[in-house]
1. Step by step: first the residues of the stretch 132-154, then only those that are assigned to a loop (DSSP other than H, G, I, E, B) and either charged (D, E, K, R) or at pLDDT below 95 (or both), then the one that is most open to solvent (accessible area, probe 1.4 Å). Which residue is that?
2. Being in contact with a Ser or Thr (Cβ under 7 Å, 6 or more places away or on another chain) and over 10 Å from S30 (Cβ atoms) is the filter here; which residues of the stretch 1-15 pass it?
3. Of everything in the stretch 72-112, what is under 17 Å from D148 (Cα atoms), more than 13 Å from the ligand (Cβ to nearest atom) and either of a type outside the set (A, V, I, L, M) or open to solvent by less than 30 Å² (accessible area, probe 1.4 Å) (or both)? Give them in sequence order.
4. What residue, among those in the stretch 165-203 that are open to solvent by less than 40 Å² (accessible area, probe 1.4 Å) and touching a helix residue (DSSP H, G or I) at 6+ places or on another chain (Cβ under 6 Å), is nearest to I66 (Cα to Cα)?
5. Among the residues of the stretch 169-193, what is the count of those that are closer than 19 Å to R139 by Cα and of a type in the set (V, I, T)?
6. Where residues in the stretch 113-131 are open to solvent by 30 Å² or more (accessible area, probe 1.4 Å) and either out of contact with any Lys or Arg (no Cβ under 8 Å at 6 or more places or on another chain) or not in a loop (DSSP other than H, G, I, E, B) (or both), which of them is nearest to the ligand (Cβ to nearest atom)?
7. For the list (1) in contact (Cβ under 8 Å) with a residue 24 or more places away in the chain; (2) within 14 Å of the ligand (Cβ to nearest atom); (3) farther than 23 Å from A149 by Cα; (4) crowded, with 16+ Cβ neighbours inside 10 Å, I need the number of the one condition that A21 fails.
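The values are calculated or read from the model by the stated rules, or taken from the named source; none is laboratory data. Bear in mind the structure is a predicted one, so any value in this text is a computation, not a measurement. Cβ sites come from the backbone with ideal geometry, for glycine too, and all protein chains shown count toward neighbours. Just so you know, the surface numbers come from the protein's heavy atoms only, side chains and all, with ligands and any DNA or RNA stripped out. Shrake-Rupley method; radii C 1.70, N 1.55, O 1.52, S 1.80 Å.
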Amino acid sequence: MRRVLIATSNPGKLRDFAGAAAAHGITVASLPDFDSLPGVREDGATFEANARKKAEHYSRFAPGEIVLADDSGLEVDALGGAPGVHSARYAATSPQGNADDRANNARLLRELSHVADHTARFVCVIAAARDGRTLSTFRGEARGRILDAPRGWGGFGYDPLFLFPALGKTFAELTPQEKAGVSHRGAAFGKFLEWYERQQPLR
Ligand code: ITT
């Protein structure tokens, strides 16, 4: 079975990718020894810039292989698109460190406590790189609404607060496969797979 390497420190993302890949007869694996590799500073102004930066950096540690990295986050309309590229560190006390999901969710609820419009979208940009060069990028989005209290135990990050109206469920109430079918990451990964299939004859 074909295998795609993913560079991420976030086990929730890896589960999402596994859910998205399962339907296509592809497996995903973390980049070997990912935890021992030097990190990369995610200081880009956009999801795309950070995704490219991560994919290019980590692909140097797996010569000749296509390595995927994703940069993603939540954009809340009434908050002018925040937390956006800062989603992982929304409640962080230092500029570099990520905050844990509970603290990030608590801050989001605080910021929205006196706001009527709770519409939001998740955005994911996947970059595919080989030997330090980005080959292509793929973007996906999912629109929804932020609840006043968490619901569900699956997923990660802001999933328990993100209601997907068409299903009447939060992303934390979906299985990884169900989430992949409607999520920003699933949409971006689907575009990657279309591109990947086209590359096969050339490789
Ligand atoms: P890597 O950079 O190592 O992949 P990370 O978690 O730091 O891991 P990002 O910098 O891309 O990744 O930050 C993404 C954050 O956006 C993530 O930590 C969540 O807070 C939020 N997020 C992104 N996708 C999400 C999803 O599908 N469900 C819930 N929250 C999500």
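1. Here is the first cut: in the stretch 132-154, the ones assigned to a loop (DSSP other than H, G, I, E, B) are 132, 147-154.
Checking the rest, the ones that are also either charged (D, E, K, R) or at pLDDT below 95 (or both) come to 148, 151.
Values: D148: 124, R151: 92 Å².
By that ranking, first place goes to D148.
2. Listed by number, the residues that qualify are M1, R3.
3. Across the stretch 72-112, the qualifying residues are D77, R110, E111, L112.
4. Among those that are open to solvent by less than 40 Å² (accessible area, probe 1.4 Å) and touching a helix residue (DSSP H, G or I) at 6+ places or on another chain (Cβ under 6 Å), it is F189.
5. Total meeting the criteria: 1.
6. R121
7. Here A21 clears every test but (2).
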